[in-house]
Amino acid sequence: MFWDERIEENLRNHDAYETGKHEGIIEGKIEGEIEKRNQMIINMYSDNVDINTIAKYAETSMEEVEKVIKDNHDSK
């Protein structure tokens, strides 16, 4: 019985590890996409593109564009 319990525990731990690993990968991809979008916003703004146009191509709100621009200027 002891051996079966250890095997079952190892399987549960492995499943939890794999689930956590998968969630981490997804979270990393999302963060990467957000960083890519924010860099596009900053680049377009630096090229004097209108904020409405930036929001359209970044597929986000004007408020989010303004926040990204403000955060970028505040960090410099």
Whichever lysines have a C-alpha closer than 19 Å to that of residue 21, once near sequence neighbours (fewer than 8 apart) are set aside | 29
PRE reach from residue 72 (point 7 Å along Cα→Cβ): which of region 2-40 fall under 19 Å by backbone N?
-> 31-40
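Magnitude of the Cβ-charge dipole of the chain, K/R +1 and D/E -1, about the Cα centre, nearest 20 debye? Please list the in-between numbers first.
On the way: 10 positive and 19 negative charges, 76 e Å.
The calculated dipole for the chain is roughly 360 debye.
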Sorted from largest down, what three extents in whole angstroms do the Cα atoms of the chain have along their principal axes?
-> 70, 26, 17
Would you mind checking the tilt of helix 62-74 against the longest principal axis of the Cα atoms of the chain, expressed as 0 to 90 degrees and rounded to 10?
-> 90 degrees
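Output the peptides 65-74, 21-30, 46-55 sorted from most to least packed, where packing is the average of other Cβ atoms within 10 Å over each peptide's residues.
Values: 65-74: 14.4, 21-30: 10.0, 46-55: 12.3.
Descending mean neighbour count gives 65-74, 46-55, 21-30.
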Note down the nm distance, to one decimal, between modelled labels 7 Å out along Cα→Cβ at residue 36 and at residue 56.
-> 2.2 nm
So what is the accessible area of the chain per residue, in Å², with the probe set to 1.4 Å?
-> 84 Å²
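The values are calculated or read from the model by the stated rules, or taken from the named source; none is laboratory data. None of these values were measured; they are calculated from a predicted model. Cβ: placed from backbone, ideal geometry, glycine included. Neighbour counts: every protein chain shown. The accessibility values were calculated without ligands, DNA or RNA, using every heavy atom of the protein model including side chains. Shrake-Rupley method; radii C 1.70, N 1.55, O 1.52, S 1.80 Å.
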